[in-house]
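See below for the structure under consideration.
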Amino acid sequence: MQGRCDQFDPGYRWQKSAWRRRLRQSLWRAGATMVNLSVYEAYQGLDTGLIDCTQGYSYIIQALKWHEVIDSYTVLNWGQIGGYGMFMNKQSHDARSDDEKAVMTQAGTELADKFAQIVIGANSKALKAMREGGYERDVKVIEVSAEERAALNAATEPFLADWKENAASVGLNPDHMIKVYTDAVAEFTAEFDAKGYPWERN
């Protein structure tokens, strides 16, 4: 059976490389044999049987036509990685008026919400298509149970300890970093539960 694994939720991991390593190591402990392929190579790998499963986001399925070569799709809800670095020449910035600077700052703040709106919408559309038979072949959507999620999360603990040790070795405070992250997740989860997404409030 061909399949793939996906993860998406409103949270962000505190370090992209650590997050990827933690995911890879967790799946390895669960019995997977990991190989290094890009998402663009996954279609051929699934089609030929070179790989049995791949990982990606829901919106990739239609864009890369994975629905043509997968039989099932497992939703893990392990987090979305998203980050954009935007820079401006300091002299150009300093030459702007205060009103222009305020507009640029506001646009940068609103970009995160707009990006999230686009990604969440695309993911929802892809999941809906699979659940409602919107593709030429059936793709079964599998939800991970609470027990299975707990087992996968437990498998990450040794690797989290390694990350903490590495972070501390370069002068970082890993416990504080994790606290800042988890506090932010709790804060924005509570805001989401009370008010919904920002683009749904107007």
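The values are calculated or read from the model by the stated rules, or taken from the named source; none is laboratory data. Owing to the predicted nature of the structure, the values given are computational and were not obtained by experimental measurement. Please note: Cβ atoms are built from the backbone with ideal geometry, for glycine as well, and neighbour counts cover all protein chains shown. Quick note on the areas: whole protein, heavy atoms, side chains included, nothing else; ligands and nucleic acids left out. Shrake-Rupley method; radii C 1.70, N 1.55, O 1.52, S 1.80 Å.
If the condition is being part of a helix (DSSP H, G or I), open to solvent by less than 50 Å² (accessible area, probe 1.4 Å), out of contact with any helix residue (DSSP H, G or I) (no Cβ under 9 Å at 6 or more places or on another chain) and without any contact (Cβ under 8 Å) to a residue 12 or more places away in the chain, then region 140-185 contributes only Ala184.
Among helices (runs of 4 or more DSSP H) entirely within region 50-139, having at least 2 residues that are touching a His at 6+ places or on another chain (Cβ under 8 Å) and surrounded by 12 or more Cβ atoms within 10 Å (Cβ to Cβ) singles out 98-131. Taking (1) surrounded by 15 or more Cβ atoms within 10 Å (Cβ to Cβ); (2) among the polar types (S, T, N, Q); (3) more than 24 Å from Leu160 (Cα to Cα) in turn, Gln44 satisfies each apart from (1).
To keep it simple, each residue is scored yes or no on (1) closer than 25 Å to Ala186 by Cα; (2) modelled with pLDDT of 85 or more.
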| position | (1), (2) |
| --- | --- |
| Cys5 | no, no |
| Asp9 | yes, no |
| Arg21 | yes, no |
| Arg24 | no, no |
| Leu27 | no, no |
| Tyr73 | no, yes |
